[in-house]
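Notes to accompany the following structure.
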Amino acid sequence: MNPAVELKNVSKQFGNLKAVNDVSFDVASGEVVAFLGPNGAGKTTTISLMLGLRRPDSGTARIFSQDPQDPTARERVGVMLQDSDVPSTLRVSEALALIAGYYPKPLSVAKALEMADLTAKASNICSSLSGGQKKRLCFALSVIGNPDVLFLDEPTAALDVESRRGFWQQVSQFAEQGKTIILTTHYLEEADALAERIVVINQGSIVAQGSPAQIKARVGGKIIRFKIATPNVLTNLAAVSRQHQVGDTTELYTLEPEKVLREIFARNLEISDLEVRGGGLEEAFVALTAAKPIIGGQA
Amino acid sequence: MNVFNQIRAELLRMLRSPASMIPTLLFPIMFWTFFGLPNASGKINGFSVGAYILASFVMYSVIQTVMFNLSIVIATERDTGWYKYLRTTPARVWMLFVAKIVSVILLALIAINLLIIVGTISAGFQLEVGKWLNLVARAIFSVLPFAAMAVFIGYAVRGVNAVSPVVNLIFFPMSFASGLFIPLDGLPKMVQDIAPFLPAYHGGQLTRAAVGVPSAAGDGTHALWILGYTVVFLVLAVWAYKRDEGANYR
């Protein structure tokens with residue numbers, strides 16, 4: 001069976017910046033794939049190339065073996081753009097009806113509203129919606145055409161935790177209908193919650209891909225933070241990838257926090273305000289790009 | 001039909017925006033009340049002075065409606081993600097463009113017909129149906145170069161907030177210098193010499209001719225000026241559009 005989405009040796013350059021550098025991959029029909037990467041990694045450009053919003057300098061992008069700019073390909077695609085916004089003076093239901101008209105077999109406006117949990121806001125003017133509601137409207141707009149492939153570019157950026165979880169539920173329900181979903185995110189947690197496969201992208205290249213479990217093993221770093229009067233005693237700690245001093249607070253970056261803590265306690269060091277947190281992805285990507293790419297776990 | 005839905009959406013967008021509706025619908029009527037109405041009685045050389053002023057104001061109204069609304073709609077779209085989203089749907093780019101032009105023309109029809117109704121009633125003269133239709137048709141024809149100019153400004157100027165000042169800077173001096181607010185005889189000699197090179201001057205000549213005021217150089221000549229300016233600004237509009245496309249969609 002032909003892949004739903006296909007990039008072959010795609011490159012895109014803006015001025016001196018290689019936004020996407022010789023990227024190839026397929027997304028099978030019905031697959032849920034997350035593109036994970038720090039800001040500026042090339043995720044949004046990759047999505048734009050898949051959607052035909054931009055043309056690759058070299059290589060080809062295909063949706064169901066068609067040029068993504070072909071309207072018949074677009075009839076099978078739904079999109080939630082990162083910087084998308086809503087038409088300020090239309091009512092929610094008017095905006096949805098307008099877009100539904102462009103698709104051959106759209107969902108009903110009522111169904112899309114229900115999927116995005118926006119039924120109560122149907123007759124509101126779009127600009128009166130809250131930030132989270134606008135995001136939900138963008139989601140409703142992305143599914144109104146009943147697409148076979150759904151693109152979600154940073155769908156939960158700027159959402160609070162609760163709204164984010166609600167959103168994941170809505171996306172999961174759509175995925176259960178056998179839809180192909182491609183999303184970008186810089187939250188490992190989000191990729192883990194939704195995707196069957198994670199593609200890690202940095203500086204325009206794929207640096208790793210695999211199942212969420214495989215990726216988490218690589219980028220699941222933690223930060224141990226505490227105060228210590230004499231930071232100079234913290235030498236030769238095993239499993240610490242980087243040490244960082246902020247004022248009187250020490251930060252240790254590690255993939256194995258338990259091991260590091262055990263050693264700190266074993267050395268009887270006087271520490272206070274101890275805190276262990278998920279490491280920033282930025283940190284993890286530094287580690288990932290330095291290491292050899294891992295590829296695996298594909299269907 | 002999709003294009004009608006899109007036109008409807010564009011029209012609703014403008015009709016619901018006070019920032020668009022007040023200048024579009026109220027300014028021409030306000031200016032008419034202040035400057036037109038007090039001088040609107042009597043006849044000169046057999047034509048009604050009221051009709052003369054009203055036809056000038058119709059030209060002013062149609063230029064204002066098209067230039068502001070079209071350039072702002074285009075600049076707003078470039079600034080926001082809604083248009084980018086539309087371009088991911090099966091909607092054709094040309095259709096989105098046609099919808100913008102048609103919706104603005106429809107809005108202009110509302111504005112000028114409202115002005116004609118208020119103008120004729122307040123000044124107490126009548127405009128025969130034939131003259132009325134002729135006036136409206138000539139106003140829409142004469143606005144073509146301004147529509148192209150608006151597209152050019154919308155794509156050439158950076159940032160939606162910069163559009164209104166730019167349009168104002170072009171539009172108000174040009175309307176004055178073309179004799180749309182005050183007849184040219186009342187303006188300095190230098191302005192009178194420049195006026196025949198301005199598109200709004202030729203629009204004014206054409207719309208006034210519809211209500212019985214003989215045009216300065218004959219309808220054909222004025223229409224050619226309008227078409228010439230349309231071509232010039234279309235070329236500029238296409239250039240600015242392609243530059244924008246290149247930056248955002250290539």
Conditions: (1) in contact with a Pro (Cβ under 8 Å, 6 or more places away or on another chain); (2) closer than 26 Å to B:TRP82 by Cβ. A:ARG54 meets all but one. Number of the miss? (1)
Based on what the data block shows, is B:ASN5 modelled with pLDDT of 85 or more, crowded, with 18+ Cβ neighbours inside 10 Å and in contact with a Gly (Cβ under 6 Å, 6 or more places away or on another chain)? yes
Looking only at region B:84-115, and only at residues there that are facing chain A (nearest Cβ under 10 Å) and in contact (Cβ under 8 Å) with a residue 40 or more places away in the chain, the one that is nearest to A:ALA100 (Cα to Cα): B:ALA91
Taking the conditions exactly as written (at positive phi and either without any contact (Cβ under 8 Å) to a residue 12 or more places away in the chain or of a type outside the set (Gly, Ala, Ser) (or both)), does B:ASN2 satisfy them or not? no
If you take just the strands (runs of 3 or more DSSP E) that sit entirely in region A:171-260, which of them hold at least 3 residues that are touching a residue at least 40 places away in the same chain (Cβ under 8 Å) and more than 30 Å from A:ASN2 (Cβ to Cβ)? A:222-228
Please pick out the residue among B:THR76, B:THR65 that is at pLDDT below 90 and of a type in the set (Val, Ile, Thr). B:THR76
Tally, over region B:87-115, of residues that are over 22 Å from B:ALA148 (Cβ atoms) and assigned to a helix (DSSP H, G or I): 3
Subset of region A:88-115 that is within 26 Å of B:LEU15 (Cα to Cα) and polar (S, T, N, Q) - its residue that is surrounded by the fewest Cβ atoms within 10 Å (Cβ to Cβ): A:SER88
I'd like to know if region A:136-147 contains one or more residues that are of a type in the set (A, V, I, L, M, F, W, C) and more than 20 Å from A:PRO106 (Cβ to Cβ). no
Just for region A:187-225: of the residues that are more than 30 Å from A:LEU17 (Cα to Cα) and crowded, with 21+ Cβ neighbours inside 10 Å, which one is nearest to the chain's Cα centre (by Cα)? A:LEU194
Helices (runs of 4 or more DSSP H) enclosed by region B:159-250 - at least 1 residues per element that are within 16 Å of B:VAL62 (Cα to Cα), modelled with pLDDT of 90 or more and touching a His at 6+ places or on another chain (Cβ under 7 Å): B:199-210, B:219-249
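The values are calculated or read from the model by the stated rules, or taken from the named source; none is laboratory data. Please read all numbers here as calculations on a predicted model, not as lab measurements. Ideal geometry is used to build each Cβ from the backbone, glycine not excepted, and the neighbour counts take in all protein chains shown.
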